[in-house]
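The values are calculated or read from the model by the stated rules, or taken from the named source; none is laboratory data. Everything numeric here is computed off the predicted structure, so don't read it as measured data. Quick reminder, even Gly has a Cβ in these numbers, built from the backbone with ideal geometry, and neighbours come from all protein chains shown.
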Amino acid sequence: MDIFSKDIFRFGCKIPTLKYHIFATELVTVAYLLIKSDLGAEENVKEQLEKLEQVQRVERTFGDYDMVVKMESEHIEKIRETIAWNIKKIDKIRSTLTLVKKEEN
């Protein structure tokens, strides 16, 4: 008998084997980080960001922010740690704004 099958005995009678299916769903937290960097440092900052495990994509932008970063992790705490301990310590980053994607029902 495997772990997904179970014989049930009730009132002295054997009920046929039931099969239980476990569907593994991997929930991933997605966050977007808007970054302002020093003038002329954008390419260097982008290269450093792309080395981080949670960073999925880095795009340079025009406007109030110099780039947008897409991050993914199984746990939001890992994203917070990466921002606090890695990204905010990158030289030439002036400020960041984090947006966490809302789970859809």
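Values computed for the structure shown
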| item | result |
| --- | --- |
| Subset of region 28-45 [surrounded by 13 or more Cβ atoms within 10 Å (Cβ to Cβ) and more than 12 Å from T96 (Cα to Cα)] | T29, V30, A31, D38, A41, E42, N44, V45 |
| Sole residue being touching a Ser or Thr at 6+ places or on another chain (Cβ under 7 Å), aliphatic (A, V, I, L, M) and in a loop (DSSP other than H, G, I, E, B), chosen from L39, L52 | L52 |
| Test: V45 is at pLDDT 90 or above, β-branched (V, I, T) and either more than 15 Å from the chain's Cα centre (by Cα) or not in a strand (DSSP E or B) (or both) | yes |
| Matching residues in region 85-105 - criterion: being among the aliphatic types (A, V, I, L, M), outside any helix (DSSP H, G or I) and surrounded by 12 or more Cβ atoms within 10 Å (Cβ to Cβ) | I90, I93, L97, V100 |
| Cross-chain or 6+ apart pairs with Cβ under 9 Å, region 57-85 first and under 11 Å from T96 (Cα atoms), then hydroxyl-bearing (S, T, Y) and loosely packed, with under 14 Cβ neighbours inside 10 Å | Y65/S95; M67/T61; V68/T61 |
| Criterion violated by K102 - all others in (1) under 21 Å from the mean Cα position of the chain (by Cα); (2) modelled with pLDDT of 95 or more satisfied | (2) |
| Verdict on T82 being outside any strand (DSSP E or B), surrounded by 11 or more Cβ atoms within 10 Å (Cβ to Cβ), within 16 Å of the chain's Cα centre (by Cα) and of a type in the set (V, I, T) | yes |
| Condition met for R60 (basic (K, R), at pLDDT 95 or above and more than 23 Å from W85 (Cβ to Cβ)) | yes |
